[in-house]
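Read the structure below first, then the notes.
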Amino acid sequence: MEVRTLRELVRFDAEKKQKIPIFDSPQLYYDLYTLLPGQRQRPFAFKRSDKIVYVLEGVLRASVDGESADLAAGQALRVPAGVVNSLENAGDEPVVALVVVAPHPECAKRRKKRPDPGPGAG
């Protein structure tokens, strides 16, 4: 059994947003993102994976497909696969958020590269 105490994993860096792995498997990755005021994640899209962001502390500005919203602690956001999104701490307090991506992007890439065995295979 894998057990993590999230509070012990939280750390900040004055230079850039932190992405702190909590759990990682072929099915998903589960990370803590920490952002100091003014820090951001550049616009990005996972081609074949959904992304869930749950804010634990602070206020996180999320931009999804050109639309923005400020998410407070206790709010969550789903970003569908293929949709460009970015995250930013536009407030005055540090932000801590849980981020889950599934399927794991590396696993999704491998699945795409496998040849289709066709009907009746298996």
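The values are calculated or read from the model by the stated rules, or taken from the named source; none is laboratory data. Predicted model only: the values in this text are computed from it and were never measured. Neighbour counts run over all protein chains shown; Cβ positions are idealised from the backbone, glycine included.
Of the strands (runs of 3 or more DSSP E) lying entirely inside the stretch 44-111, those containing at least 1 residues that are more than 11 Å from the chain's Cα centre (by Cα), polar (S, T, N, Q) and farther than 19 Å from Lys19 by Cα are 67-72. Would you check which residues across the stretch 36-61 are within 14 Å of Val84 (Cβ to Cβ) and either in contact with a helix residue (DSSP H, G or I) (Cβ under 6 Å, 6 or more places away or on another chain) or of a type in the set (S, T, N, Q) (or both) and list them? Of everything in the stretch 36-61, those that are within 14 Å of Val84 (Cβ to Cβ) and either in contact with a helix residue (DSSP H, G or I) (Cβ under 6 Å, 6 or more places away or on another chain) or of a type in the set (S, T, N, Q) (or both) turn out to be Gln41, Phe46, Ser49. Looking across the stretch 1-15 at every residue that is in a helix (DSSP H, G or I) and either in contact with a Leu (Cβ under 8 Å, 6 or more places away or on another chain) or aliphatic (A, V, I, L, M) (or both), the one that is surrounded by the fewest Cβ atoms within 10 Å (Cβ to Cβ) is identified as Leu6. Taken over the stretch 36-80, the criterion of being basic (Lys, Arg), without any contact (Cβ under 8 Å) to a residue 40 or more places away in the chain and surrounded by fewer than 15 Cβ atoms within 10 Å (Cβ to Cβ) is satisfied by Arg78 alone.
Inspect all residues belonging to the stretch 16-28 and state whether any of them is of a type in the set (Phe, Trp, Tyr) and surrounded by fewer than 16 Cβ atoms within 10 Å (Cβ to Cβ). Yes, that holds for at least one residue. Scan the stretch 59-80 for residues that are modelled with pLDDT of 95 or more, over 20 Å from Phe12 (Cα atoms) and not acidic (Asp, Glu) and the total you get is 11.
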